[in-house]
1. Please report the net charge: other residues with Cβ closer than 12 Å to the Cβ of A:Phe20, K and R +1, D and E -1.
2. Note down the nm distance, to one decimal, between modelled labels 7 Å out along Cα→Cβ at A:Asp28 and at B:Ile60.
3. Using only atoms on other chains, find how many Cβ atoms lie within 10 Å of each Cβ of peptide B:39-48 and report the average.
4. Pop a pseudo-label 7 angstrom from the Cα along the beta-carbon direction at both A:Ser8 and B:Gln82 and give the gap in nm to one decimal.
5. Counting pairwise Cα distances across the range B:18-83, what percent come out greater than 16 angstrom?
6. If you take each beta carbon of peptide B:100-108 and count the beta carbons of other chains within 10 angstrom, what is the mean?
7. For chain A, count the residues as N, evaluate 2.2 N^0.38 Å, and divide the Cα radius of gyration by that value, please.
8. Once you have the alpha carbon radius of gyration of chain B, what is it after dividing by 2.2 N^0.38 Å, with N set to its residue count?
Amino acid sequence: DVKVTQSSRYLVKRTGEKVFLECVQDMDHENMFWYRQDPGLGLRLIYFSYDVKMKEKGDIPEGYSVSREKKERFSLILESASTNQTSMYLCASSPPRTGINTGELFFGEGSRLTVL
Amino acid sequence: AQSVSQHNHHVILSEAASLELGCNYSYGGTVNLFWYVQYPGQHLQLLLKYFSGDPLVKGIKGFEAEFIKSKFSFNLRKPSVQWSDTAEYFCAVRRNDMRFGAGTRLTVKP
């Protein structure tokens, strides 16, 4: 089974703090994603990485950055946390959408971040 | 702008009622289509997917979806819902990245 592990299930941070959310996958997937999930808004894409050191902005990249130094690890960084970044953050991985691969995403359990 | 629209935010049904959840997308070109489900307190799970072939796809737990290319739609259906289907349902579209709709919360009354 594919396993996507997010390092922290629950975090509480203060405004202005730097926050690191870590995600590790064990299936050698090229593609990794970070989303935030908010009630009524669904999942909104923050960043997408299609390979090591490669990244693309999603719909809401402002206030976030990412790092993909190794294939299995994709980190989301909040340089200076703000209260409007309080949310559930979901990491996912997948093979690329090519050939017989449908590009199905496999999700981690999520990291619930509260910024005070 | 590319988008995924789910028509209903909250649907309430009684057990044994039939279900149809709408999903439309605005992407051009070839896409793969998905429905995910999130049960209370759990992570997202794949219900079903479409990438080619028969536009009527069957998934787990008796769910099915029909891809209508001319309407850019991928509606989810189930003939008879159960209380255990209470969950949030997300439609998703993939070209390079994957974009999701806002979700539909389904409540099934026993």
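1. 0
2. Result: 2.5 nm between the two label points.
3. Partner-chain Cβ atoms within 10 Å, mean over residues of B:39-48: 3.
4. About 3.9 nm, to one decimal.
5. Roughly 47 percent, rounded to a whole number.
6. Whole-number average of other-chain Cβ neighbours for B:100-108 is 3.
7. Values: Rg = 13.6 Å, N = 116, 2.2 N^0.38 = 13.4 Å.
Output field value: 1.02.
8. Cα-based Rg divided by the globular estimate yields 1.01.
Just so you know, all these numbers are worked out from the coordinates, no wet-lab data involved. Please read all numbers here as calculations on a predicted model, not as lab measurements. Reconstructed Cβ throughout: ideal geometry from the backbone, glycine too, with neighbour counts over all protein chains shown.
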